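The next block holds one structure in the form of C-alpha cells; read it before the comments.
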Amino acid sequence: MKLLLVAEYREGKLQGSANDLMAFAGKMGAESAMFLVGTEADVPKFEGTLYLADVQSCGEYNPAVHKQLVLEAVSRSKAEMVVFSHSSYGWDLAPRVAFALKAAQVSEVVEVVEGVPVAPVCNSKLRRKVAVKTGQTVLTLQSGAFSLADEPSGTPVIEKISSTGGSVMSFGGYEQAVQGGVDLTKAQVIVSAGRGIGKPENIAIIAGLAKALKGEYGASRPVVDAEWAEHNRQVGTTGQTVSPKLYVACGISGAIQHLAGMKKSEFVVAINTDKDAPIGEVADVLVVADLKTFIPVLTEKINAL
Amino acid sequence: MNILVCIKQVPDMESKFKVDGAGRWYDGADLAWRMNEYDEYAVEQAVQLKEKTGADLTVLCIGPERVKETMKKALAMGCDRGVHVADEASSTKDPFSIASIIAEFAGSKSFDLIFTGMQSQDRGSAQVGVLVAEMLGVPCITTIVGFAYEGGTISVKRELEGGVKAKVTSPVPALVTCQLGLNTPRYPTLPNIMKAKKKELVSVPVADLLKAQALAETSALYFPEKKGGGLVLEGDAGDLADKLIRILKEKTAVLA
Ligand SMILES: Cc1cc2nc3c(=O)[nH]c(=O)nc-3n(C[C@H](O)[C@H](O)[C@H](O)COP(=O)(O)OP(=O)(O)OC[C@H]3O[C@@H](n4cnc5c(N)ncnc54)[C@H](O)[C@@H]3O)c2cc1C
Ligand SMILES: Nc1ncnc2c1ncn2[C@@H]1O[C@H](COP(=O)(O)O)[C@@H](O)[C@H]1O
C-alpha cells in the first residue's frame, strides 16, 4: 500500500497536522510520500519524497489548482490512498480529489481496524466501519485521532511540481478573529455554558458558578453563535484552546470540535441530563442532572465553604 | 435567479440510539426527527437571497416519507416548492450516490446558486455539497460564515481553524456549503406554516434520478467502547453537590 499524505500550509507557515498524517502512515506500516503547497524553506521533517508546489504561484487557497497538483502527485507517486486532515483545507479539497480519481472517500477517520476505516456517527455516540469498493481511496483523519509519540526527523527528497491551471474563484486574504476582552487561556478554572442552558438569561447561572470557583466562564459554539456570549469565550477548534486546572462543561454534549479545545484540562466535570453524552468520555466526573436546578445548589454550597 | 437548497432530515442527537437488526445503521423507530442543523443556515441564507432578489427557491430532500415533515418547515421558512426524492433506503447510500441524485436533478435546471449544509449531523461526511459541485462543474466554497450576492458575484467568508476567515469571491453559478452561525435561522410563523401547506411538494421516485453505483457502504455500526471511565453521579441535587465538592477538594486545588 502506497500513501500520499497531504500536508497544509497557511498564512506563511507549515501546519502541525503533517505530524498526524505521519503517525497514521506509521500505524498503517505503509510506504508514503508527502504533498505540500508551500515553500522550500519550511518543509516537514520527513523521510521520503515530498511533492512540493510553490505557494507564491499557486496560492494558499485555490482549490481548483490544488486539486490538479494533488492529482499530479498521486500519479507520480502511484498512491493508492490519499490522506488529508479533516480540516478546513482537507474537507474542502478531499472530495474534489476523490471525484477526479473516481475513488471512495471516508471522512473523519478515527481508526483503522483490520484495514477497514472507522468513522464517527451522531456526534461520536456511534461508530461505523466503511467498506470501500474502489481501488484508490481518499481519507480525511479526525484531528487528534493519530499522533506521533516522538518528534519526526529526516529530510525529504523534494520533487517540484507546478500547475498552469487557473480558477474563476478568487481569494481575497484573511480576516483575523477579534482579539481583546477575557483571555481564557490564562484562567485556572473555566465553567462553560452549552446549548443546554436553554436561554440567554441562564448565562448568569454559569457565570455565578465560575465566580464561586474564582474562574472565568466560557461557552460552546451555539451559545456564541446565538450571541449569548462573546466569541473570545468560545472554546474549541474555531475558538480558544484552553488547559485550566478545572473545566466544568455545563449542558455541553462534547462534540469533537469542542473537545479539541478543552481536553488538555487537568480535571473535567460535566453536568448533563444525558448520561450517554459524549462529554462523559473525557470527564473525570459526570453529574447527571438538570443544570438549572443543580448548579444554583452547588454554587450556594461552594459560597458557604 | 433560480436557487436550490438541499436539506437532510436527521435524528435529534440527544436520542437514545439503538443499532438496527442488520447491524448497519441506527434503528429509526422511536426517534425524534429534525432538520440537519447546518441545513437550517442554508435554508435561511437561500430565503434571505430570495427576499432580496425575488429569486425562485426549490428545496430538495432525499429520504423516506417522513422527511416531508422537515421539508414543510423549509417551505414555512420561505422556500417556494419542495422536491422530495422518495427513497426508503437513503440511509444506506454513500455520499457519492446522494450527490449523484442531486446532480442528476439539478443538471437540467440551471440553478444559479445551490446551498447545502457543510455536513450532516448523523453521518457527517462533509462530502455531498462538494461532490455535487464537481459533478455539475461549478465552483464550490465550503464552510461559509458570511455571504453576500451582488450582480452575479458572491462574496463569502470561509471559516478556518482558530476563528480565522478567508475572503473568497466567485461568479455564479456556484455552490456553497453553510456553517453554523452563518445567520440566525428564522422560526416559521403560524401564518407561514399555514401558507406552506398550500405550496407544491412533489415526490419523485429515487430510481428516476439514481444513475450511479455506490463507491462505499457502511459495513457495521456499533457503540464505541467506553474508555473514559469517569465517575458518574446521579441523585438528589443537594447530595450531588456535596459529593462533587468532596471530589473537587480531594482531586483539585481549586477549593483549597
Ligand atoms: C468546523 C466546525 C468547527 C466547530 N467549532 C466549534 C468550536 O470551536 N467550539 C464548539 O463548542 N463547537 C464547535 N463546533 C460545533 C460542534 O460540532 C457542536 O455543534 C457544538 O459543540 C455543540 O454545542 P453544545 O454541546 O453546547 O450543544 P449540543 O450538542 O446541542 O448539546 C447540548 C447538551 O446539553 C444537554 N442538556 C440539555 N438540557 C440540559 C439541562 N437542562 N441540563 C443539563 N444538560 C442539558 C444535552 O443533553 C446535550 O448534551 C464546530 C463545528 C464544526 C463543523
Ligand atoms: N439525503 C439528503 N437529501 C438532501 N440533501 C442532503 C442529503 N444528505 C446530505 N445532503 C446535503 O449535503 C450536506 C452534506 O452532507 P454530508 O456529506 O452527508 O455530510 C447536507 O448538509 C445537506 O445539505
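At 1.4 Å probe radius, can you tell me the per residue accessible area of the stretch A:2-160 in Å²? Could you put the intermediate results ahead of the total?
On the way: 6080 Å² over 159 residues.
For the stretch A:2-160, the per-residue accessible area is 38 Å².
Give me Rg/Rg_expected for the stretch B:2-208, where Rg uses Cα atoms only and Rg_expected = 2.2 N^0.38 Å with N residues. Walk me through the intermediate numbers first.
On the way: Rg = 16.4 Å, N = 207, 2.2 N^0.38 = 16.7 Å.
Ratio of Rg to 2.2 N^0.38 Å for the stretch B:2-208: 0.98.
Could you tell me what fraction of 2.2 N^0.38 Å the Cα radius of gyration of the stretch B:120-193 comes to, as a two-decimal ratio?
On the way: Rg = 14.2 Å, N = 74, 2.2 N^0.38 = 11.3 Å.
Expressed relative to 2.2 N^0.38 Å, the Cα Rg reads 1.25.
Quick one: pull the percent of accessible area on the stretch B:2-208 belonging to carbon and sulfur, 1.4 Å probe, ligands and nucleic acids left out.
51
According to the square roots a ≥ b ≥ c of the eigenvalues of the Cα gyration tensor, what is the shape class of chain A, taking rounded for a/c under 1.5, prolate for a/b larger than b/c otherwise, and oblate for the remainder?
Numbers: a/c = 2.41, a/b = 1.94, b/c = 1.24.
The shape class here is prolate.
In whole Å, what is the distance between the alpha-carbon centres of the stretch B:165-183 and the stretch A:1-23?
25
At 1.4 Å probe size, with the rest of the protein present, what percent of the exposed accessible area of the stretch A:184-303 is carbon and sulfur atoms?
Details: 2320 of 4600 Å².
The computed percentage sits at 50.
Nearest 5 is fine: what % of DSSP beta bridges in chain B come out antiparallel, could you say? Before the final figure, lay out each step's value.
On the way: 17 of 44 bridges.
Percent antiparallel among DSSP bridges in chain B is about 40.
Any idea what diffusion coefficient the protein assembly as shown gets from Stokes-Einstein, in µm²/s, Kirkwood Rh on alpha carbon pairs, 20 °C, 1.002 mPa s?
Details: Rh = 24.6 Å.
In µm²/s, the coefficient is 87.
Rank by packing, highest mean first: peptides A:72-80, B:103-111, with packing defined as the count of other Cβ atoms within 10 Å averaged across residues. Please report the intermediate quantities before stating the final value.
Working: A:72-80: 17.9, B:103-111: 16.1.
Top of the packing list down: A:72-80, B:103-111.
Please report the Cα spread of the stretch A:2-160 along all three principal axes, rounded to whole Å, starting with the longest.
Ordered largest first, the stretch A:2-160 gives principal extents of 42, 35, 28 Å.
Please name which of B:LEU240, B:VAL206, B:ALA220 has its Cα lying farthest along the dipole of the stretch B:190-256 towards the positive end, using unit charges on Cβ (Lys, Arg +1; Asp, Glu -1) and the Cα centre as origin.
Selected residue: B:VAL206.
What average count of beta carbons from other chains do you get within 10 Å of the Cβ of residues in A:272-279?
Numbers: counts 1, 1, 4, 3, 6, 2, 3, 2.
Per-residue shielding by partner chains comes out at 3.
What is the mean number of Cβ atoms from other protein chains located within 10 Å of the Cβ atom of each residue in peptide A:84-96, rounded to a whole number? Walk me through the numbers on the way to the answer.
Details: counts 0, 1, 3, 2, 11, 3, 1, 9, 10, 2, 4, 15, 5.
Per residue, the average neighbour count from other chains is 5.
I need the peptides B:89-97, A:196-204 ranked by packing, meaning the mean over residues of other C-beta atoms within 10 angstrom, with the highest value on top. List each step's numbers first, then the result.
Values: B:89-97: 20.4, A:196-204: 15.7.
Result, highest mean Cβ count within 10 Å first: B:89-97, A:196-204.
At 1.4 Å probe size, with no ligands or nucleic acids counted, give the accessible surface of A:LEU126 in Å², nearest ten.
Surface accessible to solvent at A:LEU126 totals approximately 0 Å².
Just to confirm, what accessible area per residue do you get for the stretch A:238-297 at 1.4 Å probe, in whole Å²? Write down the numbers at each step before the final one.
Numbers: 2010 Å² over 60 residues.
Computed with neighbouring chains in place, this is 34 Å² per residue.
Can you list the residues in the stretch A:104-144 whose accessible area drops by at least 50 Å² when all protein chains are present, compared with the chain alone? Use a 1.4 Å probe, heavy atoms only.
Residues of the stretch A:104-144 that lose at least 50 Å² of accessible area once the other chains are added: A:CYS122, A:LYS125, A:LEU126, A:ARG127, A:ARG128, A:LYS129, A:ALA131, A:LYS133.
Can you give me the three principal axis dimensions of the stretch B:190-249 from its C-alpha atoms, in Å, biggest first?
64, 44, 16
According to the square roots a ≥ b ≥ c of the eigenvalues of the Cα gyration tensor, what is the shape class of the stretch B:102-256, taking rounded for a/c under 1.5, prolate for a/b larger than b/c otherwise, and oblate for the remainder? Could the numbers behind the result be given before it?
Details: a/c = 2.06, a/b = 1.88, b/c = 1.10.
Taking the square roots of the gyration eigenvalues as a ≥ b ≥ c, the stretch B:102-256 is prolate.
What is the dipole size for the protein assembly as shown, taken about its Cα centre, with +1 at each Lys and Arg Cβ and -1 at each Asp and Glu Cβ, in debye to the nearest 20? Show your work: numbers first, answer last.
On the way: 60 positive and 65 negative charges, 121 e Å.
Computed about the Cα centre, the dipole is about 580 debye.
Counting pairwise Cα distances across the stretch A:184-303, what percent come out greater than 21 angstrom?
25
Write out the GluC sites (Glu not before Pro) in the stretch A:223-291 meeting two conditions: DSSP loop, and at most 15 other Cβ atoms within 10 Å of their Cβ. Before the final figure, lay out the partial values.
Values: sites: A:GLU227, A:GLU230, A:GLU266, A:GLU281; in loops: A:GLU227, A:GLU230, A:GLU266.
Of the GluC sites (Glu not before Pro), the ones in loops of the stretch A:223-291 whose Cβ has at most 15 other Cβ atoms within 10 Å are A:GLU227, A:GLU230, A:GLU266.
Quick one: of A:LYS125/A:LYS292; B:LYS8/B:LYS50; A:LYS78/A:LYS263; A:LYS214/A:LYS292; A:LYS186/B:LYS249, which pairs are farther than 30 Å apart, Cα to Cα? Let's see the in-between values first.
On the way: A:LYS125/A:LYS292 25 Å; B:LYS8/B:LYS50 21 Å; A:LYS78/A:LYS263 38 Å; A:LYS214/A:LYS292 20 Å; A:LYS186/B:LYS249 22 Å.
Long pairs (Cα-Cα over 30 Å): A:LYS78/A:LYS263.
Sort B:143-153, B:19-29, A:82-92 by the packing proxy (mean of other Cβ within 10 Å over each peptide's residues), most packed first. Intermediate results must be reported in sequence, preceding the final value.
Values: B:143-153: 16.4, B:19-29: 13.5, A:82-92: 25.8.
Going by the mean number of other Cβ atoms within 10 Å, highest first, we get A:82-92, B:143-153, B:19-29.
Interface size between chain A and chain B, please: total buried accessible area, 1.4 Å probe, rounded to the nearest 100 Å². Walk me through the numbers before you get to the answer.
Details: alone 15920 and 14190 Å², together 23320 Å².
Counting protein atoms only, the buried area is about 6800 Å².
The values are calculated or read from the model by the stated rules, or taken from the named source; none is laboratory data. What you are looking at is a predicted structure, and each value in this text was computed from that prediction instead of being measured. In this analysis, Cβ positions are derived from the backbone assuming ideal geometry, glycine residues included, and neighbour counts consider all displayed protein chains. In case anyone asks, the SASA skips ligands and DNA or RNA and just uses the protein heavy atoms, side chains included. Shrake-Rupley method; radii C 1.70, N 1.55, O 1.52, S 1.80 Å.
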